[in-house]
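Okay, structure first, notes after.
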Amino acid sequence: MKQCTHVEALPHPEPVPLGETCPECLRDGTDPVQLRLCLTCGHVGCCDSSPKRHATEHHRETGHPVMRTHEPGEDWRWCFVDHVLV
């Protein structure tokens, strides 16, 4: 089973969200479907079900490897590099 090699390098405590919603969606006038929090810098981006996929775009631009859901009642993380839940 593939494991994430990036979780141990994440900051503790995890970063404070830089906003309540996806700033790129606000800028573009689109609606985020669900939100994701970058666990390296605190950027909030929309998920891949959203029109612009800003969380994935943030990963591609920065190389920040792990995000977590930013949705109430959810508690999972995803590693973009290793393509696994962590």
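A probe of 1.4 angstrom, applied to the heavy atoms of all protein chains, finds CYS4 with accessible area near 30 square angstrom. As a fraction of the 1.4 Å probe accessible area of segment 5-85, surface on carbon and sulfur atoms comes out at 53 percent.
Solvent-accessible area per residue in segment 5-85 equals 59 Å², computed with a 1.4 angstrom probe and all protein chains kept. Around the Cα centre of the chain, unit charges on the Cβ atoms of Lys, Arg, Asp and Glu (plus for the first two, minus for the last two) sum to a dipole of about 180 debye. Within the chain, the cysteines lacking any other cysteine Cβ closer than 4.7 Å to their own Cβ are CYS38, CYS41, CYS47. Site-free segments of the chain were taken between GluC sites (Glu not before Pro) in DSSP loops having at most 11 other Cβ atoms within 10 Å, sites themselves excluded; the longest one is 21-73. Its residues counted as N, segment 1-73 yields a C-alpha radius of gyration over 2.2 N^0.38 Å of 1.09. Taking 7 Å steps out from each Cα toward its Cβ at GLU74 and THR21 produces label points 1.7 nm apart. Taking the charge dipole of the chain about its Cα centre, with +1 at Lys and Arg Cβ atoms and -1 at Asp and Glu Cβ atoms, the residue from GLY45, GLY19, ALA9 reaching farthest to the positive side is ALA9.
The values are calculated or read from the model by the stated rules, or taken from the named source; none is laboratory data. Source: prediction; values computed, not measured. Glycine gets a Cβ as well: all are built from the backbone with ideal geometry, and neighbour counts include every protein chain shown. Quick note on the areas: whole protein, heavy atoms, side chains included, nothing else; ligands and nucleic acids left out. Shrake-Rupley method; radii C 1.70, N 1.55, O 1.52, S 1.80 Å.
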